[in-house]
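The values are calculated or read from the model by the stated rules, or taken from the named source; none is laboratory data. All values derive from a computational prediction rather than experimental measurement. Positions of Cβ are backbone-derived with ideal geometry, glycine not excepted, and every protein chain shown enters the neighbour counts. Accessible surface is based on the protein model in full, side chains and every heavy atom, while ligands, DNA and RNA are left aside. Shrake-Rupley method; radii C 1.70, N 1.55, O 1.52, S 1.80 Å.
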Amino acid sequence: MPAPKKLHIKTYGCQMNVYDSERMAEAMGGQGYEMTDCPEEADMILLNTCHIREKAAEKVYSDLGRLKPLREAKPDLKIGVAGCVAQAEGAEIMARQPMVDLVVGPQTYHRLPAMMERVEAGEKALDTDMPEEDKFDHLPKLRTPTARPTAFLTVQEGCDKFCAFCVVPYTRGAEVSRPVERLLREARDLVARGVKEITLLGQNVNGYHGEGPDGRTWSLADLIWALDGIEGLERIRFTTSHPNDMTDDLIEAHGTCAKLMPYLHLPVQSGSDRILKAMNRKHTAEDYVAIIDRLRALRPDLALSGDFIVGFPGEMEEDFEATMALVRRVGYAAAYSFRYSARPGTPAAEKPDVPMDVAVERLHRLQALITDQQRAAQDAMVGRETTVLFEKAGRKPGQLVGKSEHLQAVHAEAPEALLGEVARVRIVAAKTNSLEAVLI
Ligand code: SAH
Ligand code: SF4
Ligand code: F3S
């Protein structure tokens, strides 16, 4: 028997790409490829790329440049580009970097095995269709043994919201929800293999509207309640949500569903109504705060995280101040902030940029505020009892590390038998990025 061929995948961007990379690895397993962490050992290197900001997209080209010597030393090495840069730039990638053998967009991974046959025969392969069929229906069932007790599950793909700055509706296509039955089957399968926590994924996950087994259209809350009934599954999370799709049933689930973790990533992007309008977000800052207030009334310990864009075209100092005021008003346990990056093909890219030094200075101010809030959220945990799902061994012997309900990293002295289990702990100390706990 010939030695198995080796595949190395590098994943950029969001969790949906992480999930997709796992599925591609499985599809390639059927073609006789084994995974390797080491690019030098690989017969095929696949970059699963992100187009969200210019830096992310350009990183792909610098990484491709770095692969050149590998390819020169090993002319049989095949190189592929998947993901959102593949979708956005298509054949342009091969024009800029002729050693690329394969370009595949995010909605056609099920065609990867057939494309690989052509690549192995020395041809180039390119597919950036947005087909009607669901790629996941045509990808093999999960087979890889999971070593971790947490898993992602993509329930919804694409986005119809067309925020003025964002490439996702173009790179991922229209919003599509996967049918309930298939998701429950996949969830049960994950739980049977030791998974205790599932994070439901979608670019606009709370816009989920999948076909239910009863023929009805199910909401994300309906799906969460069905998952709640799976014995052995202990924690449910979902990401990323849009404020306009925080429906009553989903808000209520935060107060009543015990398995739904008290952590919500709810991006708002800006605290200025003028900028929100220009961003085509279709909600005001007050709408957003009202949702948070309702959620906190039902679940006072809810930890919030968000995304912010600083320096969107037309942002004035007073708009930025409104963002700072909103952050102070909400109080985030974590938040991600980005300097606006003009993306080709999006409406906002037509408008003049805020000067770079102004945007950078605002970003620093926002990040300093967020860091303070994050630190306060960590400190507030000291003395509290909570649960931790232990995921791996810690740096010190006898230590395990895992995540709190609020998605904070926690380490504790704990027997190895607790690996992969949820345990009750008391938090005894806080650092900026981790918490120390003792078992109760
Ligand atoms: N669907 C999600 C997240 C999409 S991308 C949502 O609607 O919230 C993740 C984050 O990247 C966004 O929330 C936004 O803050 C940021 N982002 C998207 N496009 C960007 C751009 N052109 N420049 C800077 N940041 C951007
Ligand atoms: Fe992009 Fe807006 Fe869709 Fe989020 S909701 S993916 S920011 S277009
Ligand atoms: Fe990036 Fe595509 Fe995700 S652009 S953030 S990898 S959907």
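Take region 188-220 and flag every residue that is in contact with a helix residue (DSSP H, G or I) (Cβ under 9 Å, 6 or more places away or on another chain) and among the polar types (S, T, N, Q). 199, 203, 204, 206, 219 - these are the residues of region 188-220 that are in contact with a helix residue (DSSP H, G or I) (Cβ under 9 Å, 6 or more places away or on another chain) and among the polar types (S, T, N, Q).
For (1) closer than 27 Å to residue 348 by Cβ; (2) touching a Gly at 6+ places or on another chain (Cβ under 7 Å), each residue gets a yes or a no:
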| position | (1), (2) |
| --- | --- |
| 116 | no, no |
| 119 | no, no |
| 134 | no, no |
| 149 | no, yes |
| 153 | no, no |
| 173 | yes, yes |
| 176 | yes, yes |
| 180 | no, yes |
| 194 | no, yes |
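Within region 175-209, the set of residues being in a strand (DSSP E or B) and either of a type in the set (A, V, I, L, M) or out of contact with any Lys or Arg (no Cβ under 6 Å at 6 or more places or on another chain) (or both) comprises 176, 177, 198, 200, 201, 209. In region 317-331, the residues that are in contact (Cβ under 8 Å) with a residue 24 or more places away in the chain form Cβ pairs under 6 Å with partners that are open to solvent by less than 10 Å² (accessible area, probe 1.4 Å) and of a type in the set (A, V, I, L, M), at six or more places apart or across chains, as follows: 319/275; 330/292. The residues in region 409-429 that are in contact (Cβ under 8 Å) with a residue 24 or more places away in the chain and open to solvent by 20 Å² or more (accessible area, probe 1.4 Å) can be counted, and the count is 11. Considering only residues in region 299-316 that are over 30 Å from residue 381 (Cβ atoms) and without any contact (Cβ under 8 Å) to a residue 60 or more places away in the chain, the one that is farthest from ligand 1 (Cβ to nearest atom) turns out to be 316. Can you work out which of the residues in region 36-48 that are out of contact with any Asp or Glu (no Cβ under 9 Å at 6 or more places or on another chain) and assigned to a strand (DSSP E or B) is nearest to residue 22 (Cα to Cα)? The extreme case among them is 46.
What about residue 21, is it part of a helix (DSSP H, G or I), small (Gly, Ala, Ser) and open to solvent by 20 Å² or more (accessible area, probe 1.4 Å)? Judged against the criteria, residue 21 is not a match.
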